[in-house]
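To start, the structure under review is shown below, and the notes come after it.
The values are calculated or read from the model by the stated rules, or taken from the named source; none is laboratory data. Please read these numbers as outputs of a predicted model, since none were measured by experiment. Neighbour counts are summed over all protein chains in view; Cβ atoms, including those assigned to glycine, are modelled from backbone coordinates with ideal geometry. Areas reflect the complete protein model, heavy atoms only, side chains present, ligands, DNA and RNA absent. Shrake-Rupley method; radii C 1.70, N 1.55, O 1.52, S 1.80 Å.
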Amino acid sequence: MTASAASLLALFLAALLLLAWPVGKFLAALCNERLPRWMQRIEAPLYKLAGIQPADSMHWLSYAFALLAFNAVGAIFLYALQRLQGSLPLNPAAMGAVSPDSAFNSAVSFVSNTDWQGYGGESTMSYLTQMLGFTVQNFFSAATGIAVAFVLIRGFARRGDGKSKGLVGNFWADLTRITLWLLVPLSFVLALFFVGQGVIQNFDAYKTVQTVEATASAQVIAMGPVASQEAIKMIGTNGGGFFNANSAHPYENPTALSNLLQMIAIFLIPAALCFAFGRVVGDRRQGWAVLAAMAVMFVAAVMVLMPAEQAGNPLLASLGADQGSSALQSGGNMEGKEVRFGIDASALFAAITTAASCGAVNAMHDSFTPLGGMVPMVLMQLGEVVFGGVGSGLYGMLIFAMLAVFIAGLMIGRTPEYLGKKIEVREMKLISIAILVTPVLVLAGTAVAVMAGAGKAGIANPGAHGFSEILYALSSAANNNGSAFAGLSANTPFYNGLLGLAMWLGRFAVIVPVLAIAGSLAAKQRLPVTGGTLPTHGPLFVSLLIGTVLLVGLLNYVPALALGPVVEHLVLWK
Amino acid sequence: MDLVWMGALLALWVVVAAMAAGLDRLNAPKNVAGGERP
């Protein structure tokens, strides 16, 4: 790693910790349903209007049905909006109806917090669809993820007795509070900052300009309300760009400073939720332990990714191309990267966006070196638990923490317990389902795609790289990341259907068992800590947790990785 | 075609709703309040 790369990483982590701490404190108050009176006064009319009693805590099954119903309505609304956009206002570029299969894919994509985009935003979607459809779902899908994390935290924190036994909170109140008091204010501030940096925010028609080359054809420059979508795209780890080039587009990510803020925004809530977790369960060390496990895996990934990209392409080196870093150039493998960001900010962004389930990109991952491209893929395949998505990262990691204490319990011959709650047969069955859903979707989906003619037809590059394109797409969809390796022509009925299925089940078939675990935990009494309790806040448990995440990930994906990026790396460096 | 893709959305919803209902019956949680520690 170069000194500039290490400095950027250190600056990023320091700024993240500094900002995540106060946000974590507020998230804990939200999770504990202890809001200042003035906030409650503002909320009250909303609940009255909707006929909701926010103090009515739900059984996990009622919570799950409310969550599923809300998201299903969101998906249907989003589908209809795309199909009808040609007849609706705020459409200065006169975009027609989105095709049915693409509308299905995008509806599932944005509702599931994936934001996989088979379409090009500026050439397909009206401003109304971008704002009322995608941006609104960016808020709600993020709020849904955080709400599920809250429920699991409450499952650990609640004493399991009295009237609240087995109850996990009110979905409608959680959704309202998270959106109103967390996501909207953060997004508003961030959007203003982005506008200050040069991100556009307007309703103008696309502009036609004569380029400086004075060629015969003029260039059309897309406009739109970008900053307002950009902020929640990052804060909510959504990742769906207004433009096709996403955060590589100068109107989405104009400066080095906006790039740094975008990276911090992606990790802000996932990191803050770790602090909130520690506070709510009454032992802040527990939150630090989870955060430490995430941070160690993240830093390790960055330390592989950055040098891999800085090393450059040996084929170009053999042709005499200068790939060394100097005052005049970043050096390294600059294919598919913005010169204004260089290797460091591109590679770090790639690690952050795939460690979190964001999926925004400021460089094309398809053009990374094989090793450099494998790191983002592995970060997704670990289950999006290395910080992960807003809410989903924490609840994913807590699922692995319970698996870790189960494995430790087997080793020392004790009934496993985590934070005073016994992990028994029911919980272990649910944990197994939650962990295995995504690998099944990724591996079975990849197998179907490489066997089907329609699947192979989308590959841009033959051989190992083509396999990587498909494996990356399924990994991204099923883990709700949404970034694309590029190269794969995925806007076809086959891929829109297959990836839509992977996104929906990768999101909700994981959320359902997580909610069931939370309900089960909330019904159990907290046991006191004794001399025989496995400490879950020290380096030993952090190591065990990291080992569990890596073991599950590697067992699932090493054979598939060997067919794609590993082969490509060996061929390139032979 | 709209009916096909809207039907697909509905089918996906039914799958996870059925999953939720099924998981609720999976080893109904026991009250471990008086459970002994090993």
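For A:P100, neighbours were defined as the other residues whose beta-carbon sits under 15 Å from its Cβ, and their charges (Lys and Arg +1, Asp and Glu -1) total -1. Taking 0.36 nm per residue of separation and subtracting the current Cα-Cα distance, fully stretching the chain between A:V184 and A:R159 would add 5.8 nm.
Straight-line reach from A:K456: taking Cα to Cα under 12 Å and skipping same-chain neighbours fewer than 8 places apart, the aspartates and glutamates in range are A:E469. Here the label points at A:R34 and A:N202, each 7 Å from Cα along the C-beta direction, are separated by 4.9 nm in the simple model. Put simply, chains B and A cover up around 3100 Å² of each other's accessible surface, both sides summed, when a 1.4 Å probe is used.
What residues of region A:296-316 lie in the reach of a label at A:T2, counting those whose backbone N is under 13 Å from a point 7 Å from the Cα along Cα→Cβ? Counting backbone N atoms under 13 Å from the label point, the list is A:306-312. Pairs of Cα atoms nearer than 8 Å and 6+ residues apart set the relative contact order; for chain A it is 20 percent. Ranking B:M19, B:M6, A:M303 by solvent-accessible area of protein heavy atoms (1.4 Å probe, all protein chains present), from largest to smallest, gives A:M303, B:M6, B:M19. Net charge near A:L371, counting Lys/Arg +1 and Asp/Glu -1 over other residues with Cβ under 15 Å of its Cβ? Every neighbour counted, the sum reads -3.
Treating r as the C-beta distance of A:L410 and A:S326 and R0 as 56 Å, the FRET efficiency rounds to 0.55. Per the 1.4 Å probe, what fraction of the accessible area of region A:118-202, in percent, lies on carbon and sulfur atoms? On region A:118-202, the fraction of accessible area on carbon and sulfur atoms equals 68 percent.
Accessible area per residue for region A:342-501, computed on protein heavy atoms with a 1.4 Å probe, is 24 Å². Look at the dipole of region A:5-93 built from charges on Cβ: of A:L61, A:L16, A:A5, the Cα furthest out on the positive end belongs to A:L16. Centre-to-centre, using Cα atoms only, region A:11-44 and region A:353-387 are separated by 28 Å. With the simple model of a label 7 Å out from the Cα in the direction of the Cβ, A:A447 to A:I76 spans 3.5 nm.
Counting only whole DSSP H helices of chain A, the ones at least 24 Å long by C-alpha along their axis and with mean Kyte-Doolittle hydropathy no lower than 1.0 are A:3-31, A:60-84, A:136-157, A:256-280, A:284-310, A:392-412, A:425-451, A:493-522, A:539-561. Dividing the summed -39500 (n - 2.57) terms of all DSSP H runs of n ≥ 4 by the residue count of the protein assembly as shown sets its mean residue ellipticity at 222 nm at -20000 deg cm²/dmol.
Each peptide among A:407-414, A:246-253, A:515-522 gets the average number of other Cβ atoms lying within 10 Å of its residues, and from highest to lowest they stand as A:515-522, A:246-253, A:407-414.
Placing pseudo-labels 7 Å out from each Cα toward the beta carbon at A:S217 and B:A21 gives an inter-label distance of 5.5 nm.
Rounded to the nearest 20, the Cβ-based charge dipole of chain A about its Cα centre (Lys and Arg +1, Asp and Glu -1) stands at 2140 debye. For the listed peptides A:158-166, A:93-101, a ranking on the average number of other beta carbons within 10 Å per residue, highest first, reads A:93-101, A:158-166.
Here the relative contact order of region A:387-508, from alpha carbon pairs under 8 Å that lie six or more residues apart, stands at 19 percent. The simple Förster model, with R0 at 51 Å and r as the Cβ-Cβ distance, assigns A:S432 and A:Q210 a FRET efficiency of 0.25. Counting, for every residue in A:516-525, the Cβ atoms of other protein chains within 10 Å of its Cβ and taking the mean gives 4.
If you average the alpha carbon positions of region A:508-574 and of region A:233-251, how far apart do those two centres end up, in angstrom? Here the two parts' Cα centres lie 29 Å apart.
By the rule of a C-alpha distance below 15 Å, with chain neighbours fewer than 8 residues away ignored, the aspartates and glutamates paired with A:K207 are A:E122.
A straight Cα-to-Cα reach below 22 Å connects A:K337 with the lysines A:K233, residues fewer than 8 places away in its own chain not being considered. Straightening the chain between A:A460 and A:A50 buys 142.6 nm, computed as 0.36 nm per residue apart minus the Cα-Cα spacing. Across region A:57-123, the mean sequence separation of Cα contacts (distance under 8 Å, 6 or more residues apart), normalised by length, yields a relative contact order of 27 percent.
Look at where the Cα atoms of region A:116-173 and of region A:295-333 average out, and the two centres are 38 Å apart. The calculated FRET efficiency for the pair A:A97 and A:V195, based on their C-beta separation and a Förster distance of 45 Å, comes to about 0.90.
Taking N as the residue count of the protein assembly as shown, its C-alpha radius of gyration divided by 2.2 N^0.38 Å amounts to 0.93.
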